[in-house]
Structures are given as structure tokens and as C-alpha cells.
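First up is the structure itself, then whatever we jot down about it.
Each value in this text was obtained by applying a stated rule to the coordinates, not by laboratory testing. What you are looking at is a predicted structure, and each value in this text was computed from that prediction instead of being measured. Heads up, the Cβs are rebuilt from the backbone with ideal geometry, glycines too, and the neighbour counts pull from every protein chain shown.
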């Protein structure tokens, strides 16, 4: 990176120039390597003494009137410096060293000439620099220009134009925009004088190339740095440093100075940017002393001299401080001796003071001992609290397991009880049926006994009557046979046929009568089925009405959240809200803090939670008692009160996989204590929800249940609205029904829209079931009507048979009348036969009846015995059922009591765990505070004495404090006599010793700084002299070389002792004089050419990448102008990474205009041009 100077005006070589100088200096060991000329004085941020800058030098040496070509004669006999000039200062003597370094001018010039001879092989053609050159200049409202823009080439630039076209304005703009002073331009005394007439403000913009490895902050600015300076008529001025994209990065002048210093642009160097006036004065009208001043300022010798002079002044000031500091050392030594005497007096009381010091240490550390003892007590309390918490946690785990076992027992007992109650209806029905059957058979067999006795007596009587009539008929037939012949026999046969018909009809009628009870039974069954389905239809209608009313209620007013609870619940909540006697306000009812995210599970979960959704939660026995009293006053009986700890249950790692919905996951619970109670009482985090029964059975029973799953709830696959609870306990599978009460209102909060949608879906299902029942009723009604029609037809058929029977009886009666006619008037035989038939019929009837009754009696006796056995068996079944029911109810009550007891014990243990945990936290806090107190007390004790001291056994803080106070009072009396305490003596001695050491150290420091500063100044002055020697010889050799380009001879007369610079030039090749002529004898062109050679010789010694020259050819004729122009171009091309800006009012002709490294910028009169906006 380019070097920097103390005030931003240092002349330093660029990187390429540095490499060239390195190569040149390696040729001659006697010549000092000069890579850059700069000052390193900017090492301290303090305000510096004012340095004499270039403008001060100009004001001090500016002549009263400006020199012109007509002044040559007046200056022709300029004399050396007056011998009466003031004597040199000590610094100047050190700097010049009697000019011993300039005594070998001939040898220096010879080495410089040798370096010039090797230069063509050492240097290449000028190359475009990656950075540090100016790309464009823009002026707005500047001087006489409204807008002036100039794009510069990277190497050689000739700005050509008439007067007033803005040529010199370009150089002035570069100087001002890059931080130069207005006075250095010789165009104005202040910035406001540069604002165009009639305008309020002006803006200058310079764009600097910023590429390559040595770019200035490339990550910030990019490939270009745009410096913008704006100033106004009112005197305000400011800078803007912008990136390549036009974004403002800084508005500080320091950033501009850093940029200019980084690239060593030296805009205030009078030879770097040679303005029109300076160029005219330097090239044509300057005196020897003025040329010398231009020379030392241009090569930065003057600036380095000013910096070193400031160092010398600082050194003198520092040297002047040494006697004063030595006096301070003497005074501090006297004070130290006095303090030493006081310390010697303290030695006599050393033992007492040591004892006092030990007591003070013990006093400090005894407090630490007391605090440590208290800390041990706190740690013991904490350990006991941790033991209680650990035991309580184990007890909670045990109670959890006991509660789970109790829950399993309750579930098994409920399942057993449900299974037993399922048999109750069947057993009771069978028992009643068996009793009815037995009673009916008993009545029937008693009736059979009576009928059997009557039939036996009737049979016996009829048998005797038949025998008597048969005897009489036989006698009468014998008598009639003798009297009538065969005709009666034919009639008798007809009468037998009619009698047979009558018997057949009677049989058919009897069969008809026997078939009637079965049809009547079928009619009764159909009627009962119709009654049952009518009841089911009525129940469905009730369900439809209930669901519709719930939907209507939700749609109309959404209902109150307390409608599902007891009527006095709102009053209880208002009392709780206004009562301030609770330690913590009760929480409840629990259902109001639970929102169901899946309303389809509402009825099943309501049944599962049961009365616990009505419960309240308190945190202490006292709050429970107060709440119970309020409930009793309001007659609230169905709301349990649960005592719960405020510490949250940790269920991490205890829940099933996320693929399953659990009861906890479908609930949104807004209170942590409510959540904990539902977890404790119902294990909601481990009960999963699966709607389909088949899938639920597969999950629970096909292999082991899923991890962390206690039970599974599913919908009943046949009974709508009911659910099933599936569990596997100790390898046994249990499936128990869940039968919700459809008439109860839900207590858990749900989304109204979701609940309405669910109820409407349920209503559609109920309506579909109702329609199915209606269709079944129509089928049963048709069956009932068919059975009734069959009974009616049977009765019609019986009536027809009875009519036929009556006709047959009439026919038989007619045959009997005919027989009576054959037998005679009396008809005695026929009467006997008829009577016989009647008796035989009656006998057969009574015989059949008796036989039937006997067989029926036997069958009935067997049936009665069987019915009695069945009745006894059913009674035994009922007794066994009652025993099983009683046993199941007892077991269920026992299991519920055990679960309730386990729940109470678990809540008590959790409450105690919360108390123990709180006690543990308090113990930890007390222990932490005590430990912090021990640390704090230890820190205080360590301040008194870093190491712990022994506290004698039996000594306490109070006893040590008493001893300390007694001994301290004794020493205080001694201190009162002395007028100073021990601590004050020690502090006094320490302060005086520190003061003495400090002033001695300050004296040594000043001495070292002076020595180093003197040594540094000597080294820098030595380098300055070498640099002066090198620059002088190099400039002389370059000047001779440049003159020889045109065939001139001459030399550069450089006298540092007299501060003068003069030229001797011999243009005539034929002239044999060794020394040339004075420039005053040269023509204007020759003089200008010689001055150009001098300028180029000096430029070779400068390190800035920028070279600017204004109107260099104003006094030259065409020949000298062409030669000078070619010389400038050749010199420029011989440089490396340099940018040249030449300004001339004359046109540039020749091949130079065609070269690619030369850019001709032609400016026109602003009155004749119109600039486009850039």
C-alpha cells in the first residue's frame, strides 16, 4: 500500500516507481535507496503545532509584484544570500551538518548518469495503472461554467481549447475536489469565489479508478471512487465520497484525505498540479530562489523539513522538562525519608499490632465460620426435604399403581355386575313362566280328577242301562220278526249311513275347533310384536324429538354453559368470585374448563368422566371446608371437591404414539390443575380412541397392546349412541359396554357448529332407523291381518259344517219316522233301538271321555311333575342369580370404595408431595442464599486476609470482637499521641514511596524518550540528507539528459546552502564553452524548452501518479512547441503507471494525435457549446 505522511502532502513513489528505485539503487552501494519520502510523525492523536505549509511558504516568498519576462534584466545580477542573515538554529545545524553530504557532487552526478544510461533496459513503456488515476471530472456552476464534464484517458491527456473554454478549470476542480485549498489554485481566496455568477451553489465531482490488488477499500467502493464536493455562496462546504454505484459512503473530509494520501495524489504540491500562474512563473519568470523553493516543495524536501523541525521543537520542550522533573525527584525523596522515619516508629509496636491484625483476621473469618455452620444446617434441612420428596414420589408411584389396580378391579366388578344383570330378565321371565305353567297344570289336573270321577260313574251307569235296553230289544225283535219281514231292515241300513255321515261331520267340526287355538295364538303373537315395535317406534320418535330440540336450542340461543349442572351452580360461582376467604380460588366445575375437539365422542366421554365433570378443585383442606359449606347452603349435592397440588404432572414419555387419538389429545383444557385431576382419576393420557370396534379389537387384542395404552374406547357396532371399553389387564381381555344417558345435557364445551353438524348427522341416522322400524311394523301388521283372516275363515267353515250336520240329523229323523211306520203305531222296537243307540253313544262317549281323561290325567301328572321340577330349578337359578348379584354388587361397592380410598390417598400424597416440593424449593432457596452469603462473607474476609485463619475452639465472633476492641483502644491511644494511625502511616509511606517511584520513573521515561527521539531525529535527518543528495544528483543528471535530446548542453546549478537553483544552457552545438549561458540570454522558446527540461527532471524525482501542467507552451514558437510536446510525451511514456494532463491553448498536431496512449480533449467556448447531461 502506498506510504502516508503526517499532513497528507507527502511525496512518495508508487509501487512501480519503488521497484525501479530499488533496481537503480542496487547498482551503486554508495547511493542511499530512496523509495518514498514521507513523515511518520502522525503517531499521536494530540493537537499538533501549526506547520508551515506550501501556502505559508508562498506567502512568505511571494514578491510584491509578479515577475514578467521584462524583469529578466533586473534579476540578472541577483546576489547570493546576505552574510548578515540571521544565524542558523540548532536544528538547522543538525540538519545541514555543514553540507558534508553534498561535497561529492561530481561523483554523485556520475552515478546518476550511469543510472540514466541503464534506464532504457530497466524500464518498459508506460502502462495503464489499475488505480489512483482520474477517470473523469465534472463541474456544475463552477467558475464561468454552468456544466463542464471531461473524460480523461489513463495515460496522456492533452486538453486543448480557447481561452475561457474551461481548460484551467479542470485542474482547479481536481485540486479543490480532492481537498486542496482555494488559495493554492491562485484563482481565488475562498471557495465561494468559484461559484458561478448568478448561482447559489456549485458541485465538483472527480471519479478515481479503484481496481487491482492495491485498490482502496474495494469491498466498499468497488471499481471506482467518486469524490463530490459542494459549496455555496454563503461559505458552506461539504464532501460526499460515493461508491461506483453512486451510493454515498462517507461525508467526512477525513475520508477524502485518507483517499488522497493513500494514492499520494499531492494536490497541493505546486509541481504536481502546476497551475497556469505557477507554470508561467516557474517556466518563465522565476528567480533562483523561487526555482529552488519550487524544487524543494515539489520533491517534498520542504515538507519533511517542516516535520523534522516540529520533532526538534518537541525534543527541545522535552529536554526543558528534565530539570523540573529532577527537582520533583528531590522533593519526593525528602517526603519518602519522612515517611520512612514514621514507619520505623511503628516497628516498636509490631507484636501488639500483629496481635491486633490477627484478631482482625479472626474477626472477619469468624463470621465466615458462623455462616458456614448455618449453611451446613441449611444443607441438612435440604437433604431432609429431598428425602421427603423422594419418599413422597415413591409413595405417589405406589398410589398410582394402587389406583390403577383399583380401577382395574372396578372395571372387572362392573363388567361382572353387568354380565350378571344381563341374565336377570331371562331368569325372572323363566321363573315366572315356570310358575304360571305349574299353577295352570295344577288347576288342570284337579279339574281332570273331578271329570274322571264323574265320567267313571256315568260310564258305569250307562253300561248297566245298555245291557238292560239290549235285553229288551232282543225280546222286541223276536216279537216283530215274527210279524213284519225284510222292509225294516233296509230302512235300518239307510239310518246307519246317515248316522255315519253325522259322525264324520262331527269329527270335522271338532278338528275345526282344535285348529282355532293355534291361529288365535298366532294372532296374539303378531299383536304382541306389533305392540313391541310400536313401543320402539315411539322411543325413536322421542329420540328424534330430543335431538331436534337440542339442535333447535343450539341454533336459537346456544344455551348457557351451566344448563347441564345443578340449578344453583351459577349462584355458587358468584359466591366463590366474591368471597376473599379462600387461599386460592376453587376451580370448577371441571367441565367448564374442558373443550371437546371431536364432538362425536361427547356422550361416551361424559359417561366416562361421570360426576367428576361436576367437581371443583381446591389446594387446601381449609378451602375444601369453605367450599363444602357453600354447597350445603345452596343444596348442591352432586359436585365432589378434590384437593390438588399446584405442581404440574410430568407426562413426557408416558403417552402413546402420535398415530392414536387419546382422550387428552381430543380435549382442550384451559387449566393445568384440571388436566392433572383428569389424568389422575381417568388416565386420559393413556386411553386411546378408535371409532371402529373391529380395528379397536385388532389394536388391543391382536398381540400386545400399544405402548403406554391402558384402555381403548370405541363406538358400539350395533347399538347407536353406545360405546365399548376394551382393555387387557394381566393377560385377561375385557370388553364392557358404555351406555350414556341421552337425556343429559353435555357438560364439556364444544364448538357449536361442529356439535350441530354432529347432531344433524345423528338425527339422519335415527330417522333412517325409524323408517326401518316403520317398514317392519307394516310387515307385522300384514301378518296380523292374515292371521285374523284365517280365524274368520275357520269359523265360517265350522258354521258350514254345523249346517250340514243339522241337515243330516233331520234326514236321520225322517228315516226313524219311516221305521216307526213299519213297526206300528206304538214304535216300541225303534224306540228301544234309538234309546240303545243313545245309550251306546253315551256309553262310548263316557268311555272315550273316561279313557281320555285317564290318559290325560297320566300325561298331566307327568307334565305337572316336570313343571314342578322346572319351577324348582328356576327358583334355584333365581336364588343363585340373587346370590351372584349380591356378591357382584358387594364386590363392585368394595372395589369402588377401594378406588375412592386410593384416590383420596393419592390426592393426599400428591398434596403432600407438593408441600414437600415447596419445602424443598424453599430449602434450596435458603441454602442458595446462605451459600451466597458465605461466598460474600468469604470475599469480605479475603479482603481483610486472603488465607483462612484458625479460630480457637470456644471463641465466637463476639468474644473476638471484644478482644479486638480492647487492643484497638490501646493502640488508638498510642496513635493519638502520634497524631496518625498505623493505617495512615502505612498509607502515607506507600503513597510517598509510590510518588517517589513514579517521579523517578517519569524522569527515566523522559530521558529515554528524549534519547530515542534524538536518535530518531538523527536517523531521519541522515536519511533526509541522503535523500537530498540523491534527488539533487538525479535532477542534475536528468536535466543534462533532457537537454541532450535536442542537442543542447548545460547543467543545473543547485545550491542548497544558498537556497538557489539556476540553469546554464548552451543551445549552440558549435560553441566550445564548457559552461552554458544564463537563461536570460536565451530566446523565449529556448528558455521555455530549458524550463520544460527542468520540470521533467524534477518530475522524475516525484512519487505521485498524477502530473498536471497548464499552458506549458504559451511562450514557445511552433518548433519549440513540437519539440517540447514530443519530449513531454516521450518522458511520460518512459514512466510507469503515471497519468499526465497537459493543457495548451494550441492545437496538437502530428502523429501524437494518432497514438493510442494519447487522448486529445478539445474544449470549446461555453458560449458556443451545449453539454449533454451525463
Please report 295, 989, 231, 118 as a ranked list, fewest other C-beta atoms within 10 angstrom at the top and most at the bottom.
118, 989, 231, 295
Quick check on packing: order 947-955, 166-174 by the mean number of other C-beta atoms within 10 Å, highest mean leading.
166-174, 947-955
Over segment 564-744, what is the percentage of antiparallel beta bridges among all DSSP beta bridges, to the nearest 5?
75 percent
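Remind me, relative contact order of segment 629-729 in percent, using alpha carbon pairs under 8 angstrom and six or more residues apart? Present the calculation step by step, with values, prior to reporting the outcome.
Values: 121 pairs, mean separation 22.7, N = 101.
Computed value for segment 629-729: 23 percent relative contact order.
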For segment 594-664, what's the relative contact order in percent, using C-alpha pairs closer than 8 Å and at least 6 residues apart?
31 percent
Length-normalised contact order for segment 564-744 - Cα pairs under 8 Å, 6+ apart - percent
19 percent
Virtual spin-label span in nm between residue 1053 and residue 931, 7 Å along Cα→Cβ
9.5 nm
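I need the calculated FRET efficiency for the pair residue 745 and residue 545, taking r as the beta carbon distance and R₀ as 22 Å, to the nearest 0.05.
With R0 = 22 Å, the Cβ-Cβ based efficiency is 0.90.
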Only counting other Cβ atoms within 10 Å, I'd like 938, 175 sorted with the fewest neighbours first.
938, 175
Just order 540-546, 1125-1131 by mean Cβ neighbour count inside 10 Å, highest at the front, would you?
1125-1131, 540-546
Most exposed to least, judged by fewest other Cβ atoms within 10 Å, 645, 886 sort to 886, 645
